[in-house]
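Before any comments, here is the structure.
The values are calculated or read from the model by the stated rules, or taken from the named source; none is laboratory data. Computed from a predicted model, the values in this text were never measured in an experiment. Please note: Cβ atoms are built from the backbone with ideal geometry, for glycine as well, and neighbour counts cover all protein chains shown. The area values use the complete protein model at the heavy-atom level, side chains included, leaving out ligands, DNA and RNA. Shrake-Rupley method; radii C 1.70, N 1.55, O 1.52, S 1.80 Å.
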Amino acid sequence: ASIIEIKGLTKKYKNMKAVNNISLEIEEGEIYGFIGPNGAGKSTTIKMLLNFIFPTSGTASILGMDCVKQSIEIKKQVGYVSSDVRYYHEMTSLDIFNYTAEFHGIKNSQEVIQHYLEYFEIEPSKKIADLSLGNKKKVAIVSALLQNPKLLILDEPTNGLDPMIQHRLFEVLEEKSHAGMTIFLSSHDLHEIQTHCDRAAFIKNGEIISIEEINKGKDIE
Ligand code: ADP
Ligand code: ADP
């Protein structure tokens, strides 16, 4: 069964179609890339999946649930990292992780949190307000990973991360993917998509221009 199913999804702003009649099906366990230049419509599509904005027309479902009608249930089950991470500013990274672990009933949470703190080089006791965008992003990523969701949606997650942390992120994503997690990854970096995704949809001016199977590590024709 498809984890994400999008049919004819469209978002108009005045006369401009930010997303124009796109359709996609993403299968369980895939690392699925969503690639296009800035302004192509990636975030708008993702925000419709999470019901932060409403489609002008078309439908989308996640895990068989309608993205508009069942958005509350979807938000509980889906991990999401937005492109412009904003956060509960007075909390520390560790506060956020403890809260997330408790909310989702994570087993061995202290060990897992400790592992991620070290792995992503996150300072546990700094207020989020005092972190750079890249460091905020790491907190958002770890928080989403801690949920261990069936589906993880990452909107330009590597923006602002240094290369070593980017590399570690993809190691974790590949591990999670092997364990059955489905990952939907938006990016404007072709190399990133070629190296790490199983399939990718190319979006430009709001339209899907192609969908490709990827032989990891090989060049796309
Ligand atoms: P991407 O995530 O691929 O960079 P976006 O989905 O953010 O692209 O944006 C797609 C297009 O929609 C862009 O032209 C952007 O300026 C426009 N857009 C996004 N949000 C709004 C909005 N709230 N009002 C008007 N135009 C918007
Ligand atoms: P904008 O389109 O104004 O940039 P965002 O897409 O960042 O807004 O956020 C839209 C809504 O989604 C806001 O209410 C925000 O609090 C919420 N939101 C943004 N990122 C997340 C997240 N990672 N988890 C949960 N909610 C989020």
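The DSSP beta bridges internal to the chain are antiparallel in roughly 55% of cases. Rolling a 1.4 Å probe across the protein heavy atoms gives the chain an accessible surface of 50 Å² per residue.
Just to be sure I understand: of the beta bridges DSSP finds with both ends in segment 130-219, what percent are antiparallel, rounded to 5? For segment 130-219, the DSSP antiparallel bridge percentage is about 55.
Taking the helices alone, the chain has a mean residue ellipticity at 222 nm of -10000 deg cm²/dmol, built from -39,500 (n - 2.57) per DSSP H run of at least 4 residues and averaged over all its residues. Summarising the amide proton neighbourhood of Tyr80: residues at separation of 5 or more, or on other chains, whose placed amide H is nearer than 5 Å comprise Ile153. Under the criterion of Cα pairs below 8 Å and six or more residues apart, the relative contact order for segment 30-129 equals 21 percent. The relative contact order of the chain comes to 29 percent, based on Cα pairs under 8 Å that sit 6 or more residues apart.
Here the 3J(HN,Hα) profile of segment 35-47, calculated from phi with Karplus coefficients 6.51, -1.76 and 1.60 at θ = phi - 60°, is 10, x, x, 4, x, 6, x, 5, 5, 4, 4, 4, 5 Hz, Gly and Pro shown as x. The spacing between segment 171-221 and segment 81-134, judged by their C-alpha centroids, is 26 Å. Note that segment 104-221 carries a Kirkwood radius of 15.6 Å, evaluated over its alpha carbons pair by pair. Among rounded, prolate and oblate, which fits segment 1-76 when a ≥ b ≥ c are the square roots of the eigenvalues of its C-alpha gyration tensor, a/c under 1.5 means rounded, and a/b larger than b/c means prolate? Verdict is oblate for segment 1-76. Label-to-label distance for Met16 and Ile72 is 3.4 nm, based on points extended 7 Å past Cα in the beta-carbon direction.
Here the simple spin-label model places points 7 Å from the Cα toward Cβ, and for Ser125 and Ala179 these points are separated by 2.9 nm.
Remark: for residue pairs Lys17/Lys76; Lys7/Lys136; Lys76/Lys138; Lys17/Lys176; Lys7/Lys176, the C-alpha separation exceeds 25 Å in Lys17/Lys76; Lys7/Lys136; Lys17/Lys176; Lys7/Lys176. Give me the percent relative contact order of segment 78-187, please, defined on Cα pairs under 8 angstrom at least 6 residues apart. Dividing the mean separation by the residue count of segment 78-187 yields 37 percent.
Computed 3J(HN,Hα) for segment 152-164, one whole-Hz value per residue from the Karplus formula 6.51 cos²θ - 1.76 cosθ + 1.60 where θ = phi - 60°, is 10, 10, 10, 9, 6, x, 8, 3, x, 8, 6, x, 5, glycine and proline marked x.
Rounded, prolate or oblate for the chain? Axes are the square roots of the Cα gyration tensor eigenvalues, ordered a ≥ b ≥ c, and the cut-off for rounded is a/c under 1.5. Prolate shape, in that a/c is at least 1.5 and a/b is the bigger ratio.
Here's how it looks for Asn20: its modeled amide H is under 5 Å from those of Lys11, Glu207, which are all 5 or more places away or on a different chain. The string of couplings for segment 8-23 from the Karplus curve (6.51, -1.76, 1.60, θ = phi - 60°) is x, 5, 9, 10, 9, 10, 6, 9, 9, 8, 5, 9, 10, 6, 9, 9 Hz, one whole number per residue in order, with x for Gly and Pro. Of the solvent-accessible surface of the chain, computed with a 1.4 Å probe and all protein chains present, 48% belongs to carbon and sulfur. The long axis of helix 93-103 is offset from the longest Cα principal axis of the chain by roughly 70 degrees.
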